[in-house]
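Heads up: the structure comes next, in structure tokens.
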Amino acid sequence: MEANLKIDELWSGWQQLEKSPKDDGSIEMIVRRPQRDEREEVQEAMFDTKEGLIGDNWFVRGSSSTPDGKAHPEAQITLMNSRVIHLIAGDRSRWELAGDQLFVDLDLSQDNLPIGQQLKVGDVILEIAELPHTGCAKFAQRYGAYARKFVMTDEGKQLRFRGVYAKVIQGGNIKVKDTITKL
């Protein structure tokens with residue numbers, strides 16, 4: 001099922017949703033990207049301070065936004081709110097197309113998770129990065145132009161509808177349904 005809702009339908013849907021918790025949220029889905037445009041949903045995964053999500057291509061793929069072409073250290077892990085992706089994507093099988101690694105039921109807003117805020121998930125400690133996570137052309141292709149406009153509005157950016165980047169401060173294991181606690 002493809003949602004592809006118009007922007008007013010997205011805002012209306014957002015207003016009707018029960019809001020995510022500000023603390024003690026949960027991991028709803030973990031997705032690895034072994035190769036470009038490939039997705040692998042897993043029930044648990046290892047996270048490393050250097051490589052990020054083990055088995056994900058973030059580290060080896062590198063980045064066109066860094067001078068040396070190496071992986072951007074601020075873009076190691078991406079988190080997206082599960083309620084937002086459900087609204088945008090519709091069917092859960094389409095969540096992974098967003099390209100994020102962790103889909104979480106947690107308030108990702110700038111007010112709730114300022115830059116530098118640390119989160120404990122399983123054995124892992126993540127730190128919210130400064131680099132903003134924005135909707136790219138692929139996001140618009142997969143979910144529609146209105147979905148991209150929705151996440152890129154001023155309010156959408158403040159609430160981080162498109163998600164947030166984080167860095168791995170302490171490696172370890174994360175499982176689906178693990179609790180996310182602010183430190």
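The values are calculated or read from the model by the stated rules, or taken from the named source; none is laboratory data. Just so we're clear, the structure is a prediction, and the values are computed from it rather than from any experiment. We place every Cβ from the backbone using ideal geometry, glycine too, and count neighbours over all the protein chains shown.
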Next on the checklist: Only one of S109, S82 is more than 18 Å from R39 (Cβ to Cβ), hydroxyl-bearing (S, T, Y) and either touching a Cys at 6+ places or on another chain (Cβ under 6 Å) or at pLDDT 90 or above (or both). Can you tell me which?
Outcome noted: S109
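Looking for whichever is buried (at least 16 other Cβ atoms within 10 Å of the Cβ) and either under 15 Å from the mean Cα position of the chain (by Cα) or under 19 Å from Q15 (Cβ atoms) (or both) here; the options are I180, I125. Which one fits? Lay out the reasoning, then the answer.
Values: I125 fails: either under 15 Å from the mean Cα position of the chain (by Cα) or under 19 Å from Q15 (Cβ atoms) (or both).
I180 is the lone residue from the list that is buried (at least 16 other Cβ atoms within 10 Å of the Cβ) and either under 15 Å from the mean Cα position of the chain (by Cα) or under 19 Å from Q15 (Cβ atoms) (or both).
The rows are residues; the columns are (1) over 11 Å from the mean Cα position of the chain (by Cα); (2) part of a loop (DSSP other than H, G, I, E, B); (3) surrounded by 17 or more Cβ atoms within 10 Å (Cβ to Cβ).
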residue: H86; (1), (2), (3): yes, no, yes
residue: S93; (1), (2), (3): yes, no, no
residue: N112; (1), (2), (3): yes, yes, yes
residue: R142; (1), (2), (3): yes, no, yes
